[in-house]
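Visitor: Here it is, the structure, as structure tokens.
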Amino acid sequence: MDRYTEQRLFGLLARASAALVVGVLAMVISVTLYRGGRVFLTDPAVMITPPGSRYMLDGGGGFLHAVLGSIFIVVPATAIAILLSLSTAVFLQSDYSSERTSEIINMFLNVLWGTPPIVYGVFVLTVIIAVGAQTSLFFGIIAIAIFQYPIMTRYTDEALRSVPGAVKEASYGLGSTRFETARITIRSALPGIVAGVIIGFARGIGDAATVLFTAGRSTQMPGGLFEPATTLPILIFEQAASFNAEVRAHAYAASFVLIIAVLTLIIASKLLAGKYARFAPGGRHS
Amino acid sequence: MTTALKTENLTITYTGKREVTALNDVSVEFNENELTAIIGPSGCGKSTLMKSLNRLHEIQPNVDISGEVYLGTQPIYATDEPLPEIRRRVGYVPQKPTALPLSIYNNVAYGLKIHGNHSKAELDKLVKKYLQKVNLWEEVNDRLDAPGAELSTGQLQRLCLARSLAVEPDVLLCDEVTSALDPISAESVEETLKELKEEYTIVMITHSMNQAKRLADKVVFLYLGNLVEANDVNQFFEKPESERTKQFISGQGVVGEDESSDEEKQPATTAAQVL
């Protein structure tokens with residue numbers, strides 16, 4: 001093949017694959033909107049209406065319980081995971097741990113990352129049974145936090161690693177303590193860390209398997225930290241298979257809400273990260 | 001002439017996969033309110049020597065050190081004084097101008113904030129004072145809240161100087177502070193350094209013989225981790241004691257030879273362009 005044909009072909013392939021990605025996203029959004037449209041567009045209030053008593057059978061009412069369940073589970077879980085993953089990632093930097101230890105811990109984190117979420121679900125279920133508790137918001141939070149932790153840690157670790165050594169040197173050179181230097185490093189890495197947090201949040205809010213056995217499949221409004229709850233992905237999982245078309249339409253409407261929420265979050269985080277990126281060392285010099 | 005800082009039989013070995021002795025039994029003195037230039041080919045231990053003066057090399061793993069460094073009369077290794085306090089007293093300006101991820105104002109205020117309690121008004125006053133000291137105030141006083149990283153490289157290097165000065169160090173370590181700068185910025189940083197040596201003891205690494213001639217009071221020449229010669233600047237360049245020094249300053253037959261050495265014969269006035 002002639003070099004220039006080769007180049008044109010590759011250019012075509014590259015553009016086509018980019019178009020495919022955008023196309024798939026557009027299709028997913030439009031299909032969920034179209035299928036859930038009957039419910040969602042005629043009555044957008046389904047997402048803020050509590051479920052009726054026979055919700056799973058006739059789709060009466062809305063899915064506020066799952067929206068709230070998702071928020072109440074994923075927001076605290078993300079907060080816990082941020083705290084843990086930041087601490088771990090700072091530890092993994094050579095100031096605190098040796099190169100060898102970091103390598104080993106990173107390997108474990110990769111294994112955890114690769115572990116199917118249903119395994120975390122079953123693990124927390126075992127704990128629930130062992131302590132004689134019931135499925136609840138609380139255990140949903142724990143399961144999601146465990147699920148998010150390796151993802152966020154790997155992202156944060158990479159972000160911290162990419163901070164130029166000169167920043168640490170400058171900080172220590174001014175007489176900073178390790179902790180103060182870690183804070184400076186974290187600030188430098190903030191755009192990357194925010195990206196990791198958002199990925200973790202999006203994965204957490206979208207996952208059904210982890211919360212299925214831990215938070216439960218409640219059709220009631222969440223009643224308390226130790227009461228059963230449910231999330232949007234579980235709702236979708238349960239309703240999409242219903243024989244009643246009304247109920248199935250709710251599953252699509254819920255999917256639509258979920259996608260838009262994640263999309264909004266990612267765009268917001270991009271804007272936020274951009275603001276911090278101006279402060280990143282090197283800035284326009286790097 | 002008072003000695004502000006001195007090393008005594010300082011030996012530093014990197015004990016990673018390959019053992020490298022970066023400094024071998026180096027004893028050298030740095031005088032108060034003088035600028036001492038450390039010169040030598042790449043990899044001769046200049047940076048290691050400089051970082052050992054405020055224990056900054058300790059942030060890397062696998063470094064062995066023996067000997068001692070005295071700040072005035074106080075040892076900085078065999079001491080109970082916390083490491084951050086030692087590093088405050090021996091300031092460090094990195095080779096590549098690097099902003100902390102903060103605003104221009106907070107880059108200077110950072111050191112003040114971590115080392116003491118100052119009121120907002122005091123901070124304002126001190127930030128202004130140190131920015132003026134490095135001749136940067138006029139250029140940035142209308143955008144103190146802008147990110148430090150958005151300054152030009154030359155301005156950024158002066159910001160780094162201001163930041164280091166703000167913690168009121170006794171000694172200032174400058175690692176090739178003009179090498180990343182364009183000639184005009186380099187000249188202005190040099191001017192600043194000249195003013196600063198009235199008040200501070202400065203230790204500077206440089207790759208430029210001409211810069212050493214222009215700025216230094218004393219020159220320390222390292223080769224392969226050994227101290228070859230440490231002497232008054234005029235003596236060093238006019239009547240070097242060691243054969244190796246003669247070869248190095250005339251740019252002959254030394255590994256990692258200095259790029260500016262060809263320009264030696266040019267008058268010093270044009271030398272700012274040769275950095």
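The values are calculated or read from the model by the stated rules, or taken from the named source; none is laboratory data. Small disclaimer: the values here were computed from a predicted structure and weren't measured. FYI the Cβ positions are ideal-geometry reconstructions off the backbone, even for glycines, and counts take in every protein chain you see.
Visitor: For segment B:73-115, what are the residues that are touching a strand residue (DSSP E or B) at 6+ places or on another chain (Cβ under 7 Å) and away from chain A (no Cβ under 11 Å)?
Guide: Result: B:Pro75, B:Ile76, B:Tyr77, B:Ala78.
Visitor: I would also like to ask the following. Within segment B:93-103, is even one residue crowded, with 17+ Cβ neighbours inside 10 Å and over 19 Å from A:Pro164 (Cα atoms)?
Guide: The answer is no, given that none of the residues of segment B:93-103 is crowded, with 17+ Cβ neighbours inside 10 Å and over 19 Å from A:Pro164 (Cα atoms).
Visitor: Next question. If you check A:Ile198 against the conditions, is it more than 14 Å from every other protein chain (Cβ to nearest Cβ), under 22 Å from the mean Cα position of the chain (by Cα) and crowded, with 18+ Cβ neighbours inside 10 Å?
Guide: Working: more than 14 Å from every other protein chain (Cβ to nearest Cβ): yes; under 22 Å from the mean Cα position of the chain (by Cα): yes; crowded, with 18+ Cβ neighbours inside 10 Å: yes.
In short, yes.
Visitor: Select, from A:Ser30, A:Ser17, A:Ser53, the only residue that is part of a loop (DSSP other than H, G, I, E, B) and more than 15 Å from A:Ala254 (Cβ to Cβ).
Guide: A:Ser53
Visitor: Which one is surrounded by the fewest Cβ atoms within 10 Å (Cβ to Cβ) among residues in segment B:70-82 that are hydrophobic (A, V, I, L, M, F, W, C) and in a loop (DSSP other than H, G, I, E, B)?
Guide: Top of the filtered list is B:Ala78.
Visitor: I would also like to ask the following. Among helices (runs of 4 or more DSSP H) lying entirely in segment A:95-190, which contain 2 or more residues that are modelled with pLDDT under 90?
Guide: A:99-114, A:165-173
Visitor: Determine which member of the set A:Ile267, A:Ile234, A:Ile260 is within 14 Å of A:Ala66 (Cα to Cα) and either assigned to a helix (DSSP H, G or I) or of a type in the set (A, V, I, L, M, F, W, C) (or both).
Guide: Checking each option against the conditions leaves just A:Ile234.
Visitor: A further question on this structure: Give segment A:32-58 a look and list any residue that's under 24 Å from the mean Cα position of the chain (by Cα) and acidic (Asp, Glu), or say none.
Guide: none
Visitor: In segment B:154-202, what residues are within 14 Å of another protein chain (Cβ to nearest Cβ), hydrophobic (A, V, I, L, M, F, W, C), more than 12 Å from the chain's Cα centre (by Cα) and over 13 Å from B:Tyr130 (Cα atoms)?
Guide: B:Leu156, B:Ala180, B:Leu181
Rundown of residues vs (1) part of a helix (DSSP H, G or I); (2) closer than 17 Å to B:Thr3 by Cβ, yes/no style:
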| site | (1), (2) |
| --- | --- |
| B:Leu23 | no, no |
| B:Ser27 | no, yes |
| B:Phe30 | no, yes |
| B:Asn33 | no, yes |
| B:Ile38 | no, yes |
| B:Cys44 | no, no |
| B:Leu49 | yes, yes |
| B:Ile65 | no, no |
| B:Glu68 | no, yes |
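Visitor: Now for a different question. Which one of these is surrounded by fewer than 22 Cβ atoms within 10 Å (Cβ to Cβ), assigned to a helix (DSSP H, G or I) and modelled with pLDDT under 90: B:Glu58, B:Glu85?
Guide: When all the criteria are applied, what remains is B:Glu58.
Let's see how each residue does on (1) of a type outside the set (Asp, Glu); (2) touching an Asp or Glu at 6+ places or on another chain (Cβ under 6 Å); (3) within 14 Å of chain A (Cβ to nearest Cβ):
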site	(1), (2), (3)
B:Asn9	yes, yes, no
B:Thr15	yes, yes, yes
B:Asn31	yes, no, no
B:Ala37	yes, no, no
B:Pro41	yes, no, no
B:Lys51	yes, no, yes
B:Gln60	yes, no, yes
B:Val63	yes, no, yes
B:Gly67	yes, yes, no
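Visitor: Looking at segment A:256-277, is at least one residue within 16 Å of A:Tyr55 (Cα to Cα) and crowded, with 22+ Cβ neighbours inside 10 Å?
Guide: Checking segment A:256-277: not a single residue is within 16 Å of A:Tyr55 (Cα to Cα) and crowded, with 22+ Cβ neighbours inside 10 Å.
Visitor: Could you please find all residues in segment A:95-118 being surrounded by 13 or more Cβ atoms within 10 Å (Cβ to Cβ), away from chain B (no Cβ under 14 Å) and out of contact with any Phe, Trp or Tyr (no Cβ under 7 Å at 6 or more places or on another chain)?
Guide: A:Ile105, A:Asn106, A:Leu109, A:Leu112, A:Trp113, A:Thr115, A:Ile118
Visitor: From the residues in segment A:130-168 that are touching a residue at least 24 places away in the same chain (Cβ under 8 Å), closer than 24 Å to A:Val211 by Cβ and among the β-branched types (Val, Ile, Thr), which one is surrounded by the most Cβ atoms within 10 Å (Cβ to Cβ)?
Guide: The selected residue is A:Ile144.
Visitor: Turning to a different aspect of this structure: Going by the structure shown, is B:Val203 under 25 Å from B:Leu23 (Cα atoms) and not hydroxyl-bearing (Ser, Thr, Tyr)?
Guide: Spelling it out, B:Val203 is indeed under 25 Å from B:Leu23 (Cα atoms) and not hydroxyl-bearing (Ser, Thr, Tyr).
Visitor: Suppose the filter is in contact with a Pro (Cβ under 6 Å, 6 or more places away or on another chain) and charged (D, E, K, R); does B:Glu68 pass it?
Guide: Here the answer is yes, as B:Glu68 does meet what is asked.
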